[in-house]
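Undergrad: There's a structure below that I have some questions on.
The values are calculated or read from the model by the stated rules, or taken from the named source; none is laboratory data. As the structure is a prediction and not an experimental result, all values here were calculated from the model. Using ideal geometry, Cβ is built from the backbone for each residue, glycine included, and neighbour counts are taken over all protein chains shown. Just the protein is used for accessible areas: all its heavy atoms, side chains included, with ligands, DNA and RNA removed. Shrake-Rupley method; radii C 1.70, N 1.55, O 1.52, S 1.80 Å.
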2 protein chains.
Amino acid sequence: MNFSSKILEESVTALSSLPGIGRKSALRLALHLIQDNSKKAMKISAALTRLSTDICKCKTCCNISDSDICNICSNTIRKSNVICVVETARDVMAIEDTNQFNGRYHVLGGVISPLDGIGPADLSIDLLLNRIKNESTNELIMAISPTIEGETTIYYISKLMKDMDIKVSVIARGVAFGGDLEYADELTLGRSIVSRIPYNVQS
Amino acid sequence: MNFSSKILEESVTALSSLPGIGRKSALRLALHLIQDNSKKAMKISAALTRLSTDICKCKTCCNISDSDICNICSNTIRKSNVICVVETARDVMAIEDTNQFNGRYHVLGGVISPLDGIGPADLSIDLLLNRIKNESTNELIMAISPTIEGETTIYYISKLMKDMDIKVSVIARGVAFGGDLEYADELTLGRSIVSRIPYNVQS
């Protein structure tokens, strides 16, 4: 690309470093920002500066937070005895959006994946163990993706819980609600037959 | 979406104001920037600030530029008697990428479109007339999209040139090179038959 402006070229290079944005898309965004009169570029710039400097991790649960302790951990109305263990902060948001969970979270920051060089020490498992000792936890809900790495992580953590008298549960897996059986993958469909659950007619 | 951080929410709102980026994509980008260790957020932020404050329009041709006169207008090696008239700065880049044009440009900043309330006075046509008077221009190449609005603009400008002894040409229209005739639209294919050109066998 022949840029008539170095500043434009810098912006395109910077924007195209984002995932899913190529140089052509980045150029389209940069030209949009130049033509825009509402100071959108300055607003985005200010927001990204704050994102880079002011955001931190909650010291209790490792979730993304504006302060040392996040809103969820500091909320006294939420149950403190149930911890939902998730992979990333994005998963916390996804579960919060369901309005079905009223306990605390713990963000591992990934899953055990020897091929990627990620071992238990790279995750916030030690912090989780400390929490369980200090808080009156009696249940861990493992809301981790049912991949090989996810299953390994669930197994590893549940083994640590064995001597601690903590109930460990895993979120239900099976065919999606509203989904067509025809399009469910074989593994999911097969497993959902093996792990079928009793159906109770409500009177 | 339930955000655990106000700063994150602000960034998502800012990023989703960009064209083609929804709130889910914006969240994905923001979380990527938080996890990134290479200070990508700060780099983008700095680039966008410069984009907002330091970029300007070339006073001669209205192209995007870092200084009052752009690289192309200040380049004495380029022909000064041919001006290629385009709609936007993006079109200048597209033509420069072809390496087929060695003259100057003039960016109109749009096309005449009464439905959108854009008349000749909203475009940089006056500036173009001044250039033609001051520079030794003898050809205008109209590289404007062959839409109704584009054709109107070409007609308007070429009418102004009538008394000025300036040659006006339009970029060739027809089926694209490498394109399949089968997939060419009817209008383009029909027009390319009507305006067929003599084929000379090179000896």
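Undergrad: Of all trypsin sites (Lys or Arg not before Pro) in the range A:1-34, which ones are in loop regions per DSSP and have a Cβ with at most 15 other Cβ atoms within 10 Å?
TA: none
Undergrad: Further, regarding this structure: How far, in degrees from 0 to 90, does helix A:125-134 lean away from the longest principal axis of the Cα atoms of chain A, to the nearest 10?
TA: Here the helix axis deviates by roughly 50 degrees.
Undergrad: Something else about it: Whole percent per 5 Å bin, from 0 to the bin with the longest distance: what is P(r) over all C-alpha pairs of the range A:89-153?
TA: Values per bin, smallest distances first: 3, 15, 24, 24, 21, 10, 3, 0.
Undergrad: Tell me the carbon and sulfur percent of the accessible area for the protein assembly as shown, rounded to whole percent, probe radius 1.4 Å.
TA: Roughly 53 percent, rounded to a whole number.
Undergrad: Calculate the dipole size of the range A:6-53 relative to its Cα centre from +1 charges on Lys and Arg beta carbons and -1 charges on Asp and Glu beta carbons; express the result in debye to the nearest 20.
TA: 100
Undergrad: A further question follows. Please report the net charge: other residues with Cβ closer than 12 Å to the Cβ of A:R50, K and R +1, D and E -1.
TA: Once all neighbours under 12 Å are counted, the net charge is -2.
Undergrad: While we're on this one: Which whole-percent values make up P(r) of the range B:1-73 when all C-alpha to C-alpha distances are grouped in 10 Å steps starting at zero?
TA: Values per bin, smallest distances first: 18, 35, 24, 18, 5, 0.
Undergrad: As a test of understanding, state the convex hull volume per residue of the range A:147-203 from its alpha carbons, in Å³.
TA: Expressed per residue, the convex hull around the Cα atoms of the range A:147-203 is 131 Å³.
Undergrad: Still on this model: Quick check for you: with a 1.4 Å probe and neighbouring chains kept, what is the accessible area per residue of the protein assembly as shown, in Å²?
TA: 59
Undergrad: Suppose only helical runs count, i.e. DSSP H with n ≥ 4. What mean residue ellipticity at 222 nm does that imply for the protein assembly as shown under -39500 (n - 2.57) per run, divided by all residues and rounded to the nearest 500 deg cm²/dmol?
TA: Taking each H run of at least 4 residues, the total per residue is -12000 deg cm²/dmol.
Undergrad: Suppose we consider the axis relating copy A to copy B; can you name the residue of A with the nearest Cβ and state that distance in angstrom as an integer?
TA: Axis-proximal residue of A, distance in whole Å: A:S45, 2.
Undergrad: A further question follows. Relative to the Cα centre, what is the charge dipole magnitude of the range A:131-203, using +1 at the beta carbon of each Lys and Arg, -1 at the beta carbon of each Asp and Glu, and rounding to the nearest 20 debye?
TA: 340
Undergrad: Let me ask another. Compute the long axis of helix A:6-15 from its Cα atoms, compare it with the longest principal axis of the Cα atoms of chain A, and write down the angle in degrees, 0 to 90, nearest 10.
TA: 10
Undergrad: Moving to a separate point now. If you take the accessible area of A alone, add that of B alone, and subtract the area of the pair, what total do you get in Å², probe 1.4 Å, to the nearest 100?
TA: Chains A and B together bury approximately 4900 Å².
Undergrad: For B:L51, B:L127, write out the residues from largest to smallest accessible area, computed with a 1.4 angstrom probe and no ligands counted.
TA: Greatest to least solvent exposure: B:L127, B:L51.
Undergrad: Put a point 7 Å out from Cα along the line to Cβ at B:D97; what are the distances to that point in the other copies, in nm, shortest first?
TA: 3.4
Undergrad: Looking at the P(r) of the protein assembly as shown, how many percent of alpha-carbon pairs lie beyond 37 Å?
TA: 47
Undergrad: With axes computed from alpha carbons, what is the tilt in degrees of helix B:148-161 against the longest principal axis of chain B, rounded to the nearest 10 within 0 to 90?
TA: 50
Undergrad: Then there's this: How are the alpha carbon pair distances in the range B:58-198 distributed across 10 Å bins from zero to the largest one, expressed in percent?
TA: Histogramming the range B:58-198 at 10 Å steps yields 11, 39, 34, 15, 2 percent.
Undergrad: Return the average number of partner chain Cβ atoms within 10 angstrom of each residue Cβ along peptide B:25-38.
TA: For this peptide, the per-residue mean of nearby foreign Cβ atoms is 4.
Undergrad: What list of ³J(HN,Hα) values in whole Hz, one per residue of the range A:71-86 in order, does the Karplus curve 6.51 cos²θ - 1.76 cosθ + 1.60 (θ = phi - 60°) give from phi, with Gly and Pro shown as x?
TA: Values, residue by residue: 4, 6, 5, 8, 7, 6, 6, 6, 4, 9, 8, 10, 10, 9, 8, 10 Hz.
Undergrad: Considering only the label points, 7 Å along Cα→Cβ from Cα, what distances in nm to one decimal separate B:E135 from the same position in each other copy, shortest first?
TA: Reported distances to equivalent positions: 6.8 nm.
Undergrad: Still on this model: If the label for A:D122 sits 7 angstrom from Cα along the Cα-to-Cβ line, what are its distances to the same label in every other copy, in nm to one decimal, shortest first?
TA: 5.4
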